[in-house]
Structure formats: C-alpha cells, structure tokens
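K.L.:
Here it is, the structure, as structure tokens.
The values are calculated or read from the model by the stated rules, or taken from the named source; none is laboratory data. In this text, all values refer to a predicted model and were calculated from it rather than measured experimentally. We place every Cβ from the backbone using ideal geometry, glycine too, and count neighbours over all the protein chains shown. Note: accessible area is taken over every heavy atom of the protein model, side chains too, but ligands, DNA and RNA are not part of it. Shrake-Rupley method; radii C 1.70, N 1.55, O 1.52, S 1.80 Å.
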Amino acid sequence: MEKALNRIHPVSDPEATYFVQVSWEKDLGTGFGLLLSDCQCAWTGTVSESDISREAADIEMDREKYVEELRKALIAGEESAGRYNFVIS
C-alpha cells in the first residue's frame, strides 16, 4: 500500500492547517482511503472505483484525466501547491 501526506490550507479557512493522507493499492483509479486531520480531530473515508467513475461522468471529464487531476490535487503536494483549492465543510 502506498501513502502520501500533505498539508493544506483550505480557502474556506485560510488560517487553518489541515493534513490529508491518501492511501491506495495500485493507483488512485482503483479507489483510495482518505484521512483528514486538523491535529485535534481526524476524519476518515474511502472513495471507491465506482465513485471515481461516477464523479468523472458527472462533470463530463475523461476518467483517466480525472484520476490524473486527483493525483495532482491529493498526492503531488508541493509540485501542485497553489493550483488546487480545498473547502472544508
């Protein structure tokens, strides 16, 4: 299993710092687990392969392109800093 941990500052609360950990087996396209923490609380969830396919279809984006954008937003970290916005709700 591979994992990536990144620090994010959501646009919904720019002074706050959150950490997001993503874990996956083969690649993000087969699904992944998420752990989000503000260092006081933590939240977990999973995203299935069918969730990814459904979301890509909903926004009318090629599935492979959508998976690549997920990789950039959730795993790439510093190489994509400032390119993606996160909203915590």
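K.L.:
Sort Val20, Val87 from largest to smallest accessible area, using a 1.4 Å probe on the heavy atoms of the protein chains.
P.N.:
Most to least solvent-accessible, the answer reads Val87, Val20.
K.L.:
Can you tell me the Rg and Dmax of region 7-89, counting just the alpha carbons, in angstroms?
P.N.:
Just the Cα atoms of region 7-89 yield Rg and Dmax of 13.1, 37 Å.
K.L.:
Quick one: net charge of Pro14's neighbours, Cβ under 14 Å, K/R +1, D/E -1? Walk me through the numbers on the way to the answer.
P.N.:
Working: positive: Arg7; negative: Asp13, Glu15, Asp38.
Local charge sum for Pro14: -2.
K.L.:
Between Phe86 and Thr17, what is the label-point separation in nm under the 7 Å Cα-to-beta-carbon projection?
P.N.:
Modelled inter-label distance: 1.3 nm.
K.L.:
Using a 1.4 angstrom probe on the protein heavy atoms only, line up Lys3, Lys26 by accessible area, largest first. Could the numbers behind the result be given before it?
P.N.:
On the way: Lys3 130, Lys26 165 Å².
Accessible-area ranking of Lys3, Lys26, largest first: Lys26, Lys3.
K.L.:
Okay, next question. Could you order Glu64, Glu2, Glu15 so the one with the most accessible surface comes first? Probe is 1.4 Å.
P.N.:
Working: Glu64 120, Glu2 100, Glu15 165 Å².
Sorted by accessible area, descending: Glu15, Glu64, Glu2.
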